[in-house]
Amino acid sequence: MRLNPKITEKIAFAFLFLSTLVIVVPVILITIELLKNGMSVMSWKFLTESPRMGMRAGGIFPAIVGTVYLIVLTILFALPVGILAAIYLSEYARDHWLSKIIDVAIVNLAGVPSVVYGLFGLGIFVTFLNFGTSIVAGALTLSIMSLPVIITSSREALGTIPESFRESSLALGATRWQTIRRIVIPNALPGIITGAILALSRAAGETAPILFTVAAFYLPHLPKTIFDQCMALPYHLYVLATQVPNVKAGVEYGTALVLVAMILILNLMAGAIRSHFRKKKQW
Amino acid sequence: MRKEEDPKKPGAIRVENFNLYYGNFQALKQVNLEFQHREVTAIIGPSGCGKSTLLRSINRMNDYMDQVRTEGQIYHENRPVYGPGVDLVEHRKKVGMVFQRPNPFPLTVYENVIFGCRLHLELSRSELDSRVEKSLMSVGLWEVLADHLDQDALSLPNEQQQRLCIARLVAMNPDVLLMDEPCSALDPIATQRIEELIHELKKDYTIIIVTHNMAQAARVSDWTAYFYLGNLIEFGRTEKIFTRPEKKETEDYITGRFG
């Protein structure tokens, strides 16, 4: 028996809509939960003071600073390398077995669990290169973790530049590099930046990669150089939740709220850049 | 106006025993052809006959495709185009290309015109300004765009975009213009006006135009080359090709019995 198309249409719509709800509902619940429980501790002092009384009181300032350091340094490491690699892969590399292997490697790197990156960072940056448990080691670990995503999204951005732009530039006697620098990069940059910010916002919230490479349980002072340890929001949250008994629930939620807010700001920046340039784009 | 034919004077572009392969597929077979100075040569033939491939071979745009292999030689003013020691940048400055779809850069009109000059020459602002004026003048855009040089080129109508693409070449003082179906994205009125422009431009440039449109070939060209399956079937004066072709295949194609 054939179902009436009007009925199948309704069923299809219902399933599609319900699936969408499944995605949206947790986001809303998390936001409400964080705001409800976290706003009680939110104050200028909470944001600008160090933790006191075994982290049960005071603020989370060192953790905020640590996370900002890590984000900035990760950008400095990962962005140039990621963009340059993406340019090589999409503009120069020819289609043969080596580039296929690189493709597979990048896809697989993106799927490696973050705790493995943490152990890798411990082995390479902390121990082998002797950076110790430090901001550099942590940022490099986060960079390595972000690179596959940055490279993939940058390649996609470069791929949206019409071939005809490259062709006419080359036909005017430009070299490949002149074509890339004058035509391809300026037009792909918004897409590249957007993708990179999204990758970094994910890295900013990671705990496992910084666990062994940089994060301090508690530090009475702020880091002075990038070879110092620092506190970081995700790890601080983990510590509050598992290592410190009798913490007021509000402190945990407040910390989570700050972390989520920072990531949200990054994502909004990415969205703003994208929509700003989409309006200008003509092709 | 008929020009004197001097059989001894070599053409601007000379193709000699030229073969081109895409992997195992041979797209051009032993092509021998000479393009005369300051005349328009039309390359016609059905899709896949190799006419665009030949055009792209002349300024080596096929270099960027994988698995392309060539044999034979193409000369521009008696200088070889293929082989070690060829300065591709110099060559492409002299031999410019106009593509099927107008493809100005997402830059202003001004920056589009001087894109090539900026790459190759150190010019002062006033020299650049005068190049822009001269180039736009020669493609009939100066009157329309003189006050809109800062406009985004992609916001122009198609015909003006295509003229701008020609101006972009003219600004570098080339001597050969290659045109790959330059009117295929244009409406009939714009097509007619571009054809008039081609007529104007041939006073200064050697023009080679690939076209699907036989009427267009008959209207704009002095010489016509008919290609089929990678072979040059017939080459000669346009009026002769279109009135008294020597080969049966040419006649069949031109009269629309096939293709």
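The values are calculated or read from the model by the stated rules, or taken from the named source; none is laboratory data. Owing to the predicted nature of the structure, the values given are computational and were not obtained by experimental measurement. Here Cβ is always computed from backbone atoms with ideal geometry, including for glycine, and neighbour counts include all displayed protein chains. In case anyone asks, the SASA skips ligands and DNA or RNA and just uses the protein heavy atoms, side chains included. Shrake-Rupley method; radii C 1.70, N 1.55, O 1.52, S 1.80 Å.
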Summing -39500 (n - 2.57) over the DSSP H runs of n ≥ 4 in chain B and dividing by its residue number, what mean residue ellipticity at 222 nm do you reach, to the nearest 500 deg cm²/dmol?
-9500 deg cm²/dmol
Looking only at other chains, what is the average number of their beta-carbon atoms within 10 angstrom of each beta-carbon in A:172-182?
5
Mind ordering A:126-135, B:141-150, A:81-90, B:102-111 by average Cβ neighbours within 10 Å, highest first?
B:102-111, A:81-90, A:126-135, B:141-150
Specify the angular offset, from 0 to 90 degrees and rounded to the nearest 10, of the alpha carbon long axis of helix A:5-38 from the longest principal axis of the alpha carbons in chain A.
40 degrees
Estimated Rh, chain B: Kirkwood, alpha-carbon pairs, angstrom:
19.0 Å
Give the whole-number value, in cubic angstrom per residue, of the convex hull volume spanned by the C-alpha atoms of the range B:96-162.
89 Å³
Which percent of Cα-Cα pairs in the range B:126-194 sits in each 5 Å bin, short to long?
3, 16, 27, 26, 18, 8, 1, 0
Which residues does the label zone of B:ASN231 cover in the range B:28-48, counting backbone N under 14 Å from a point 7 Å along Cα→Cβ?
B:28-32
Two decimals, Cα atoms only, Kirkwood Rh: what is Rg/Rh over the range A:60-280?
1.05
Need one value for B:87-97: mean number of C-beta atoms belonging to other chains within 10 Å of its residues' C-beta atoms.
3
Where in the range A:1-95 are there trypsin sites (Lys or Arg not before Pro) that are in a DSSP coil and have at most 10 other Cβ atoms within 10 angstrom of their Cβ?
A:ARG2, A:ARG94
Roughly how many percent of the accessible protein surface of the protein assembly as shown is carbon and sulfur, given a 1.4 Å probe and a whole-percent answer?
61 percent
In Å² (nearest 100), what accessible area is buried between A and B, both sides summed, heavy protein atoms only, 1.4 Å probe?
2000 Å²
Taking chain B, the lysine pairs whose C-alpha atoms sit under 19 Å apart (8 or more places apart or on different chains) add up to 17
Tell me, rounded to the nearest percent, the portion of alpha carbon pairs in the protein assembly as shown spaced more than 38 Å apart.
49 percent
Picking from A:ILE23, B:ALA167, B:LEU149, whose Cα lies most toward the positive end of the charge dipole for the protein assembly as shown (charges on Cβ: Lys, Arg +1; Asp, Glu -1)?
A:ILE23
Which whole number gives the average count of other chain Cβ atoms within 10 Å of the Cβ atoms across peptide A:162-170?
6
Quick one: Karplus J couplings for the range B:237-252, per residue in order, coefficients 6.51, -1.76, 1.60, θ = phi - 60°, nearest Hz, x for Gly and Pro?
4, 4, 5, 6, 4, 8, 10, 10, x, 7, 9, 4, 4, 4, 4, 4
Taking +1 at the Cβ of each Lys and Arg and -1 at the Cβ of each Asp and Glu, which of A:PRO62, A:TYR218, A:LEU84 sits farthest along the dipole of the range A:60-280 towards its positive end, judged by Cα position relative to the Cα centre?
A:LEU84
Given a 1.4 Å probe, show me the residues in the range B:151-185 buried by at least 40 Å² of accessible surface when comparing the whole protein assembly to the chain alone.
B:LEU154
On the formula 1/(1 + (r/R0)^6), with r taken between the Cβ atoms of B:LYS248 and A:ALA14 and R0 of 51 Å, the FRET efficiency rounded to 0.05 is 0.15
Counting only DSSP beta bridges fully inside chain B, the antiparallel percentage to nearest 5 is 60 percent
Relative contact order as a percentage, chain A, C-alpha pairs under 8 Å and 6+ apart, gives 27 percent
Compute the accessible area per residue over chain A, keeping the other protein chains in place, probe 1.4 Å, unit Å².
54 Å²
Using a 10 Å cut-off on Cβ atoms, rank the peptides B:58-64, B:152-158, A:265-271 from the highest mean neighbour count down.
B:58-64, B:152-158, A:265-271
